[in-house]
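Undergrad: Let me give you the structure first, and then I'll get to my questions.
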Amino acid sequence: MKKIILVLFAFFCNLFFISCANAENFVIDNYDVNLNVNEDRSVNITENIDTFFTKQSHGIVRTIPIKNKIIREDGTENNEFSKVTDIEATQFNSKFVYGNNVVIKLGNADKLIEGRQNYNIKYKYYAGNDKVRGKDEFYFNIIGTEWDTPINKVHFTVTLPKEFDASKVGFSMGTKGVSGYNPEHLVFNINGNTIQGESLRPLNPKEGITIRMELPDKYFTQTLGFEAYMIILTIILMLIPVTMWAMFGKDDPVTPVVNFTAPEGRNSAEVEVEYSGISTAKGITSLIFYLASKGYLEIEDDGICYVIKKLKQYDGDNAAEKALMAALFTGDKESVTQIEIEASSTFCLYATKIRESLNRLKTKLFVKDSCSFGKLSVIIVAILAIFGLFLYTIAGYSFDLLFSPNAFILIFPIIAVAVFILMASSKNIVLILFATVWSLGFGGIPTAMLLMEGLLKVDSNNLPVLLVQLASIVASIICLVNMPKRSQKGRMALGQLLGLKKYLEVAEKRRLLSIMEENPNYCSEILPFAYVLGVADNLIDTIDGYDNYKPAWYRGNFTKNRFKTFSNSLQSSAVPVSSGSSGSGYHRGGHGHSGGGRSGGGHGGGGGHSW
């Protein structure tokens, strides 16, 4: 019984493999390949394919990879991009790029064929510069491992441009990843710079023949390859925003004017715009301190939470100050607690509108044209990011992607990067977080994953390209952030604020206390401005232990840590919560020596099928 089961099992296995072998509409009777290797490592290739169609078909499709994962016997790997040009073929129908392959379609869509057919294909294969350190190599898939049909016979000729060590020549024969070959299945001879060989058994579907040989370092000439062109293109693109910044965005020198008095005619929120170029939640928080210093409100702090009390109605004419008082004291309220402010969507909404109105002050502080050039820089940086990284890591040499129906996918990451850079340049942490989430969503998480996959697989020899691209993007973003050029009014205002900041940073404690003796309200008046200039801690440290100099509008234990906790709470309440959207005769090749390669592990090759 067991013997019967084994016989039946063997029968069905044979039937299965026979049906797989005959799954294609044709077989290849003879495959003749001629590789003429040039000194720049490009290869002129001629393929002569004799086929026999067992079923009616239009012709064959030949696929040639332009992105190869090079796999060596010693375990080293690297990804290399190639280029296929000068395609000529009999019965030529069309050619196009699909994925990581150049596809050559041979035959006639209006005609069905059967029986014997011959196809002749010529093309030039650019493998790029050698990536192996300390030596060169020629590693090529003579017959690729992607043919879906048997190949009864293979003849090949490989001609190298210069002399080489014959003992370094190796072959691999079989399915993808196989190392070495059976000397009973493949023979070759070497005559001068030419290697000729043939298969002694048919190749099954998905089996191939690969040659690999190590050559002396600099055997091939180094050309200005794709990597060099990418570096040059990246630098040229980077120079555009850098040049625009140098011509239209670089600020004229600003001279700090040392002073110790509060700016006149402007509140602290307006001063923040003059100093940093943008209104933030920090400026809104400082405006509360400013209104308190003007006698409109006071702050009570019991060490656990705070209460802001209104002392009098606002009677000024500043729109931002009036709006903030309305945001704090809605209706008939005379006071508001920390918990109420933190839970109030109205306060947050008012704060956002106040910041928007304050940001309009920038039109007087910065030259208008420099802002326009800054927006143009955004587009350039986006293009730089997408085409420098996305195309390099994912598409490789396949610039045909730009002209294919799939080119529209580039629109999404370009827009996403542009929006991200625009929002990131605002220096607002919330906008930056929102831009990050939104850009990843709109640009596509799959796009980000593909990009990361490409970056992780890039060969270490190509890292200089990526480093130049990343450095160029960073440089362009820095130029963008600093693009708006200050007007004369903007420079004068900045000079005064830099002078005040410097004074509060370096002034001796004795000198500050002397000022406060003359004006006991000095700390109350200057604190809102010190806060937006980032030097409030210096001021608070100076008055530590001098209760009579502490802000009159603050009721409670006024310390640096408590003030920081209080101001941080106010600041977070003013920010909206974002959500994400040699010899003659054949020999047996050194006991099947692979030359360090694997079947299907080199350049070129590919496969084909009927259509």
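Undergrad: Given the condition modelled with pLDDT under 90 and part of a strand (DSSP E or B), answer yes or no: does some residue in region 336-349 qualify?
TA: Initial filter on region 336-349 (modelled with pLDDT under 90): 336-349.
Remaining after also requiring part of a strand (DSSP E or B): 336-337.
Within region 336-349, one or more residues are modelled with pLDDT under 90 and part of a strand (DSSP E or B).
Undergrad: While we're on this one: Please report, ordered by residue number, the strands (runs of 3 or more DSSP E) entirely within region 107-197 with at least 2 residues that are more than 20 Å from Arg72 (Cα to Cα) and either out of contact with any strand residue (DSSP E or B) (no Cβ under 9 Å at 6 or more places or on another chain) or open to solvent by 20 Å² or more (accessible area, probe 1.4 Å) (or both).
TA: Values: elements: 113-126, 136-143, 154-159, 169-175, 186-191.
Fully inside region 107-197 and qualifying: 113-126, 154-159, 186-191.
Undergrad: Only one residue in Thr285, Thr346 is over 24 Å from Asn521 (Cα atoms), open to solvent by less than 80 Å² (accessible area, probe 1.4 Å), among the β-branched types (Val, Ile, Thr) and in contact with a Ser or Thr (Cβ under 7 Å, 6 or more places away or on another chain). Which one?
TA: Of the residues listed, the single one that is over 24 Å from Asn521 (Cα atoms), open to solvent by less than 80 Å² (accessible area, probe 1.4 Å), among the β-branched types (Val, Ile, Thr) and in contact with a Ser or Thr (Cβ under 7 Å, 6 or more places away or on another chain) is Thr346.
Undergrad: OK, next. Among the numbered criteria (1) surrounded by 13 or more Cβ atoms within 10 Å (Cβ to Cβ); (2) out of contact with any Ser or Thr (no Cβ under 6 Å at 6 or more places or on another chain); (3) modelled with pLDDT of 85 or more, which single criterion is violated by Glu356?
TA: In the conditions (1) surrounded by 13 or more Cβ atoms within 10 Å (Cβ to Cβ); (2) out of contact with any Ser or Thr (no Cβ under 6 Å at 6 or more places or on another chain); (3) modelled with pLDDT of 85 or more, Glu356 misses (1) alone.
Undergrad: Can you find a residue in region 86-93 that is crowded, with 17+ Cβ neighbours inside 10 Å and within 21 Å of His155 (Cα to Cα)?
TA: The initial filter retains those residues of region 86-93 that are crowded, with 17+ Cβ neighbours inside 10 Å, namely 89, 91.
Filter once more, keeping what is within 21 Å of His155 (Cα to Cα): 89.
Within region 86-93, one or more residues are crowded, with 17+ Cβ neighbours inside 10 Å and within 21 Å of His155 (Cα to Cα).
Undergrad: For region 80-94, name all the residues that are assigned to a loop (DSSP other than H, G, I, E, B), modelled with pLDDT of 85 or more and either closer than 16 Å to Gly605 by Cβ or within 32 Å of the chain's Cα centre (by Cα) (or both).
TA: The initial filter retains those residues of region 80-94 that are assigned to a loop (DSSP other than H, G, I, E, B), namely 82, 90-91.
Imposing the further condition that a residue be modelled with pLDDT of 85 or more reduces the set to 90-91.
Of everything in region 80-94, nothing turns out to be assigned to a loop (DSSP other than H, G, I, E, B), modelled with pLDDT of 85 or more and either closer than 16 Å to Gly605 by Cβ or within 32 Å of the chain's Cα centre (by Cα) (or both).
Undergrad: Go through Tyr275, Tyr296 for me and flag whichever is open to solvent by 10 Å² or more (accessible area, probe 1.4 Å) and under 34 Å from the mean Cα position of the chain (by Cα). Even if it seems obvious, please write down each step before you answer.
TA: Details: Tyr296 fails: under 34 Å from the mean Cα position of the chain (by Cα).
Just one listed residue meets the conditions, Tyr275.
Undergrad: Any residue in region 503-531 that's in a loop (DSSP other than H, G, I, E, B): show its pairings with residues that are open to solvent by 20 Å² or more (accessible area, probe 1.4 Å) and not hydrophobic (A, V, I, L, M, F, W, C) at Cβ separation under 8 Å, as long as the two are six or more apart or on different chains.
TA: Asn519/Glu525; Pro520/Asn548; Pro520/Tyr549; Asn521/Ser293
The values are calculated or read from the model by the stated rules, or taken from the named source; none is laboratory data. What you see is a predicted model, and the numbers here were worked out from it, not measured in a lab. Backbone-built Cβ (ideal geometry, glycine too); neighbour counts: all protein chains shown. Please note that ligands, DNA and RNA were not included when accessible areas were found on the heavy atoms of the full protein model with its side chains. Shrake-Rupley method; radii C 1.70, N 1.55, O 1.52, S 1.80 Å.
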